[in-house]
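Shown next, in structure tokens, is the structure this report addresses.
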Amino acid sequence: MPDGSHVPVLLEEAMAALAIKPAGVYLDATFGRGGHSRSILDRLGPRGLVIALDRDPDARSAAASWSDPRFRFRHAWFSEAPQALDAEGVDAVDGALFDLGVSSPQIDDPARGFSLRGDGPLDMRMDPSRGHSAAQWLATVTEAELKGVIRDYGEERFAQQIARAIVAARAQGPIVRTRQLAAIVAKAVGSRGQQCDRSQDPATRTFQALRIHVNQELAELSLALENVLPRLKAGGRLAIITFHSLEDRLVKEFFRRHAHPYGADERIARLAIAEANLPVPPLKVVGRGIRPSALELHANSRARSAHLRVAERTEGALAQW
């Protein structure tokens, strides 16, 4: 059963977006603690199937207690969805759901290094068995690269000051704790950060930037979307919940590129081609982006930045744009 400490965001909206068929096969690309998977299973008949993925070992542990024969779990990054589906003998799915960002259990556990609220090791990896921790990366990164990551992934206006302060601080000793990093950032930003947003910790954007970089989140998302699209059946739905503007921008661009007859080639748009002769794009955008209701926001403040976008696979062939 789902972990009661984690409340799935936009749960009912996501289920409606998937338009679940009782005998369908569905991919939950970000299992977390299973809230979305459980809701899909509740809507499936005995012949339905949910294949869930997650790179977090704690998610794997949570999934191990599930005994529903209609449920399969694979410890994998969501860009590895094709390999996971192949391993389960599944050629195509009737829908795929991505719930991006960090889950509540990850945030609430100081040992994972995601949170500013409690002190813990500066790790931030969703899969601690792969890659370098945030502390390891900070120990060697150049000031210029660090500034770029904080600026681009954190959308932080004080990226230069923060990068300079981190490099200066590590010269005095390794930066290995979350509160240690938060204090360095707060001192670098000073009163200017508080003037920008008094409700937010000055290190929030820096932590977001490091997390995105350490976990290769945007590259993973881009690759995962391209990998999953060919495995969607015609009429299958792709539902994606994002939590910050960088993710949302990437999803919108993916939908635009695959839901337009011209794809990404604007040269074709200048040609005099009859509409009937245009290729059918492989995706059709379904409705507008969906935000949490006031009721959900009241019950779960972590839903405030969530945004659900939905598209449907068509009969159109995938082009190589």
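The values are calculated or read from the model by the stated rules, or taken from the named source; none is laboratory data. This is a predicted model, so every value here is computed, not measured. With ideal geometry, Cβ positions are generated from the backbone for all residues, glycine too; neighbour counts draw on all protein chains shown. Surface accessibility is based on the protein's heavy atoms, side chains included, excluding ligands, DNA and RNA. Shrake-Rupley method; radii C 1.70, N 1.55, O 1.52, S 1.80 Å.
Computed quantities for the displayed model
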read-out	value
Output for region 205-240, where each listed residue is under 15 Å from W77 (Cβ atoms) and over 13 Å from the mean Cα position of the chain (by Cα)	V214, E226, N227, V228
Every pair of residues 6+ apart whose Cβ atoms lie under 7 Å, when the first sits in region 94-111 and is farther than 18 Å from S301 by Cα and in contact (Cβ under 8 Å) with a residue 40 or more places away in the chain while the second is open to solvent by 10 Å² or more (accessible area, probe 1.4 Å) and basic (K, R)	D94/K21; D94/K233; G95/R237
Subset of region 58-73 [outside any loop (DSSP other than H, G, I, E, B), out of contact with any Asp or Glu (no Cβ under 7 Å at 6 or more places or on another chain) and surrounded by fewer than 20 Cβ atoms within 10 Å (Cβ to Cβ)]	D58, S61
Tally of residues being outside any loop (DSSP other than H, G, I, E, B) and more than 14 Å from A96 (Cβ to Cβ) across region 11-39	7
Which listed residue is touching a residue at least 40 places away in the same chain (Cβ under 8 Å), touching a His at 6+ places or on another chain (Cβ under 6 Å) and either closer than 23 Å to M126 by Cα or surrounded by fewer than 19 Cβ atoms within 10 Å (Cβ to Cβ) (or both), from R55, R33	R33
Hey, A84 surrounded by 16 or more Cβ atoms within 10 Å (Cβ to Cβ) and modelled with pLDDT of 95 or more or not	yes
Test: residue in region 152-159 that is of a type outside the set (A, V, I, L, M, F, W, C), closer than 27 Å to R249 by Cα, open to solvent by 30 Å² or more (accessible area, probe 1.4 Å) and touching a His at 6+ places or on another chain (Cβ under 7 Å)	yes
Among (1) touching a residue at least 12 places away in the same chain (Cβ under 8 Å); (2) surrounded by fewer than 23 Cβ atoms within 10 Å (Cβ to Cβ); (3) part of a helix (DSSP H, G or I) - the single one D42 does not satisfy	(1)
